[in-house]
Amino acid sequence: MDAAEAFEIAKDAVRGLVEDRGPDALFPFDAIWRYAPREVPSPQRPSTASKLESAGFIATTGRTIAAETGSRAGSPTREYRPGERLGGTGPAPEPVAGQAASGPAAEPEDLAELLRALQKALQSQGFIVSTEQLANFYLALKSSHLVILAGRSGTGKSLLPRLFAEHLGADHVSIPVQPQWSDNSGLLGYTPTLNPAEFVRGRLTGMIEAAAQKDGLSLATLDEMNLAPVEHYFSDFLSVVESRRRRDGGFATDALPLDLPAKPASGPDPHAALRKLEIPANFRLVGTANMDETAIPFSARVLDRAFTIEFDEVDLGAFAQAAAPGVTPDFRSLAKQICDPANPIGVGEALGEARPLFEAIGGLLTELNQILSDADVGFAYRTRDAICLFIYHLRRDGLETLLPMDVALDLCILQKVLPRVHGQGGVLHATLQRAIEWLEREDEGQTGEVVKRRYTRSAAKARGMLRRLERDGATEFWKG
């Protein structure tokens, strides 16, 4: 089923809902599918919401309402009313910053509203991105110093971090990776052989040095980072990121291993500050990667330390629309949230307030890891901890209206677990089959604070990987 067909079914479903409940009805989006004349696959459903809204079939009220169907029944989700095309008479949508309204535009009351407003601001610039994708990117940046945007060319991987930084008032530098890089000198800098007293700064070193002198968010993009083997030029940075810890109540890392000139025998050391240069709490690095036949695969060491967001959902029928004139909100609070030094560095710092949540996530991941370990593609504590922190920030920042818990867990499995899966043979075939069964298993019961359900994106990816294994005799995440 293509997107156009799904949209036509969705329009018929909304008409059926309004006929049954009336033009003043208030409802969650999932209620629409109760009235669908034909089944629409779950992955196709979310993308129809913005289309229905743009076409005037539904409108948001700016409030939340309880979901009606599936394992999320009773959980808070976005509230809608019939749109003007269907004679909607329900309460008018509450104004969102950045949109025209009678009187002054209201400032967003929370981070979810800020991300909704940011999505509209980006769309007004011609950049198509959903609020779900923005929430995912925001939480990945908050949970990790390294985020990788991977997928096909032309999906906006390089543009997203630049526009994101621009709207958040953050510093941004784009660094194109060179195919010939075989060490960190092009990234961090080097001491020339013919001038051993001089240090030539790499662009990443200059960015980190500037970030250490400021409080605001600093974002660097490594563009097409897999043009060269990532381990060859990036392993030192990964090692320093891994050294994150608390020091005197603040944030600290090991010093960057820069190729600096030797200390002078006497007098002041012109490179003294660089010898102690650490990665500050307000610095984040985003890598982009085109995953095609020329791509150099990422090692497990890189994947373990990054959130890898795959850009592969393309809706060629969607077009960005200019926003109505209005007051643009201040998005700098999003930047402050991302780089707040008080954010937990590890799960231990948040365990006291989130133990039931972490234990529930750990229980789910243990089940999946036991399946994957049969084919030696399991994972360990670092992956578990990254997922726990992602979900912790989701809850703490009140973003479940944008990214419901089950969807967030699905994305975490897709972004942190499945990229490690690769190989060949019958054992991997059986392992993928069992993993798919686990991912698609319905479970209305509750484990701690987490309701387990079908993880549709991860299951679809695993099915693609299984088909490739059957067709080619080997498989990997990026070409599944």
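The values are calculated or read from the model by the stated rules, or taken from the named source; none is laboratory data. Fair warning: this is a prediction, and the values are worked out from it, not measured in the lab. Quick reminder, even Gly has a Cβ in these numbers, built from the backbone with ideal geometry, and neighbours come from all protein chains shown.
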Would you pick out the residues in the stretch 236-255 that are part of a loop (DSSP other than H, G, I, E, B), modelled with pLDDT of 90 or more and either on the phi > 0 side of the Ramachandran plot or in contact with a Ser or Thr (Cβ under 7 Å, 6 or more places away or on another chain) (or both)? S243, R244, T253, D254
For residues that are more than 21 Å from D223 (Cα to Cα), part of a loop (DSSP other than H, G, I, E, B) and either at pLDDT below 70 or in contact with a strand residue (DSSP E or B) (Cβ under 9 Å, 6 or more places away or on another chain) (or both), tally how many sit in the stretch 291-339. 15
Pull up the stretch 167-221, narrow it to residues that are touching a Gly at 6+ places or on another chain (Cβ under 8 Å) and among the small types (G, A, S), then point me to the one that is farthest from V240 (Cα to Cα). G169
If a residue counts only when it is among the charged types (D, E, K, R), at pLDDT below 95 and over 28 Å from M291 (Cα atoms), which helices (runs of 4 or more DSSP H) contained entirely in the stretch 97-176 have at least 2 such residues? 111-124
The condition of being at pLDDT 90 or above, touching a Pro at 6+ places or on another chain (Cβ under 7 Å) and over 18 Å from P356 (Cβ atoms) holds, among A474, A430, A386, A460, only for A460
Does E367 qualify as being assigned to a helix (DSSP H, G or I), touching a residue at least 12 places away in the same chain (Cβ under 8 Å) and not hydroxyl-bearing (S, T, Y)? yes
Screening L222, L258 for residues that are buried (at least 19 other Cβ atoms within 10 Å of the Cβ) and either part of a loop (DSSP other than H, G, I, E, B) or over 27 Å from the mean Cα position of the chain (by Cα) (or both) leaves only L258
All but one of (1) closer than 23 Å to K120 by Cα; (2) of a type in the set (K, R); (3) at pLDDT below 75 hold for K51; which doesn't? (3)
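Please enumerate the residues belonging to the stretch 1-39 that are of a type in the set (A, V, I, L, M, F, W, C) and within 17 Å of S130 (Cβ to Cβ).
Within the stretch 1-39, A3, A6, F7, A10, F29 qualify.
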Only one of (1) over 27 Å from L414 (Cβ atoms); (2) crowded, with 21+ Cβ neighbours inside 10 Å; (3) in contact with a strand residue (DSSP E or B) (Cβ under 8 Å, 6 or more places away or on another chain) fails for A165. Which number is that? (1)
Pairs, first over 14 Å from L258 (Cβ atoms) in the stretch 225-247, second among the charged types (D, E, K, R) and buried (at least 18 other Cβ atoms within 10 Å of the Cβ), C-beta under 6 Å, six or more apart: L238/R305
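Looking at L187, L227, L238, L149, which one is closer than 26 Å to F331 by Cβ, buried (at least 17 other Cβ atoms within 10 Å of the Cβ) and not charged (D, E, K, R)?
Just one listed residue meets the conditions, L149.
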